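The values are calculated or read from the model by the stated rules, or taken from the named source; none is laboratory data. Predicted model, so just to flag it, every value in this text is computed and none were measured. Neighbour counts are summed over all protein chains in view; Cβ atoms, including those assigned to glycine, are modelled from backbone coordinates with ideal geometry.
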Amino acid sequence: MEKILKLNNRFAVEKISSDECIFLIDGLKKATFIPQDEEFCKIIAHLAILGIEKDSINVISSSIHRKRALEFIESLELHGFINYDLKLDCGLKVGICPNKQNFQFPVMKKGSVNNLGISNHTFFRYSSDAVILENPLSTFKLYVEDIFFNLQLVLEKQKSMSELLSILLAGGFITEYESNQCDWEFHDLLFHTRSRLGMADDSSNLGGTYRFRPANIEVYNGFKECQNKKYFQLGVPVQEAKCNKKDFFELLQARKSSRSFSKDKTMTYDQIGEFLFHTAMIIHSTPQDGQLDFLKRAFPSAGGIHDLEFYLLINKNDSFKRDVYYYHPQRHGLYQLQVQDKYLDEITQNAMVALGSIKVMPPVIVILTSRFMKMRSKYERIAYRNTILSVGAAFQTMYLTGAAMNFSTCALGSGNPGLFAEAIGVDPLEEGAVGEFVLGS
């Protein structure tokens, strides 16, 4: 087996000279190394451009320099900054790309292993000339330079592919049947490991990288405009009403999920306005040059972005016709969207099922959507995670406000983004429902 070592894109070379070598780690942190030898500079250049075999380091005449170069490379390997291009005895060319620190190169084993199967969490992607194997629990990605690569074939021809089998076993891409069980669902484990540090992926490209920042970022400032829609201006709670509330710690104890709603009593116009005033209204907005405005609501949002939009499906109210209403958080008002009854019925029915097949129709269903690009414009790999965290914060804010106003409130565990997007006429991948919440008297 031939093994070529090469720097991966997490450890980029900015400068190479006999005086100093400057590297950029994960596109963020700079590291400076003093080589003290021209031959050592050549080794670094080979690592960065062509790749190098460890045996070829013997070209350095001084054993001291050779030892220092090997120690430097081993340190890079330990931190996951080295990729390995391998030519296996079976003729396949593969690449190993570590995705976490303390990476250990797989130990090659001879012979076959019984009772092997493909891991439930292994998945494949295709590039132009390779198949990429990944597993959330693996310490590396595997590139196979054969777009017709068949993992099942490796299991059937273990003796002639023992090196590749060892690599696949070390990466957890294939496992023994007895250990092939995991109580995580595939999508949950992938989401968890890819949006957190140190689990099964490196720290590069995580956080506020602005990688997906669109040129027209300004269009995502502010909130939606609803042209030619009937508008209802909501009132601001009077000072007396603001003061006549329970103690905060009482509210924490009083908060509960209630699935019981009055058949006769409905929320008033002012109550709906007060509820939205305390939960969804923009408290203030701070413009930022060339960036999204920094917004403040009663609940937090990553970077002050506040990608969540609030819609109310009002089923029963003396002041509002049954319909979906969009809440404009800066104007503190509702726009009637004139949604067809078939959508109102199905969304309501779904909510009743999520509540446990209750018989009384929930008076108000709050549907939270995300304008996904707002969050993605700044955050990479954690954008959707940030959105879901905001949903949880919004839920708790609505729970506490509902407890203060003596409403029945309950967050729903599921919803139908496609149905709601069709109902209001949006693309569910541009603006999709990410949470539902019911309230009433």
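I'd like the full set of residues that are in a loop (DSSP other than H, G, I, E, B) and crowded, with 20+ Cβ neighbours inside 10 Å, limited to segment 300-311. Of everything in segment 300-311, those that are in a loop (DSSP other than H, G, I, E, B) and crowded, with 20+ Cβ neighbours inside 10 Å turn out to be Ser301, Ile305, His306, Asp307. For segment 304-339, the set of residues classified as out of contact with any helix residue (DSSP H, G or I) (no Cβ under 8 Å at 6 or more places or on another chain) and among the small types (Gly, Ala, Ser) consists of Gly304, Gly333, listed by residue number. Within segment 387-402, can one find any residue that is under 26 Å from Ala254 (Cβ atoms), among the aromatic types (Phe, Trp, Tyr) and modelled with pLDDT of 95 or more? Yes, segment 387-402 contains a residue that is under 26 Å from Ala254 (Cβ atoms), among the aromatic types (Phe, Trp, Tyr) and modelled with pLDDT of 95 or more. Residues considered: Val366, Val434. Of these, the only one that is assigned to a strand (DSSP E or B), of a type in the set (A, V, I, L, M) and within 22 Å of the chain's Cα centre (by Cα) is Val434.
Residues in segment 270-291 that are surrounded by fewer than 22 Cβ atoms within 10 Å (Cβ to Cβ) and among the acidic types (Asp, Glu): Asp270, Asp289.
Scan segment 19-45 for residues that are farther than 18 Å from Glu71 by Cα and either modelled with pLDDT under 75 or within 34 Å of the chain's Cα centre (by Cα) (or both) and the total you get is 7. Among the residues here, Phe294 qualifies as more than 20 Å from Leu429 (Cα to Cα), surrounded by fewer than 16 Cβ atoms within 10 Å (Cβ to Cβ), of a type in the set (Phe, Trp, Tyr) and touching a strand residue (DSSP E or B) at 6+ places or on another chain (Cβ under 6 Å). Any chance segment 340-349 includes a residue that's outside any strand (DSSP E or B), aliphatic (A, V, I, L, M) and modelled with pLDDT of 95 or more? Checked against the condition, which is being outside any strand (DSSP E or B), aliphatic (A, V, I, L, M) and modelled with pLDDT of 95 or more, segment 340-349 yields at least one hit.
Inspect segment 259-270 for any residue being under 29 Å from the mean Cα position of the chain (by Cα) and of a type in the set (Lys, Arg) and give the result as yes or no. No; the residues of segment 259-270 include none that is under 29 Å from the mean Cα position of the chain (by Cα) and of a type in the set (Lys, Arg). For the residues Lys296, Lys359, the requirement of being in contact with a Gly (Cβ under 8 Å, 6 or more places away or on another chain) and basic (Lys, Arg) singles out Lys296. Output the helices (runs of 4 or more DSSP H) that fall wholly within segment 167-268 and possess 1 or more residues being at pLDDT 85 or above and surrounded by 15 or more Cβ atoms within 10 Å (Cβ to Cβ), or say none. Correct list: 186-194, 248-254. Taking segment 67-125 and the strands (runs of 3 or more DSSP E) fully enclosed by it, the elements with 3 or more residues that are within 26 Å of the chain's Cα centre (by Cα) and either at pLDDT 90 or above or within 26 Å of His46 (Cβ to Cβ) (or both) are at 93-98.
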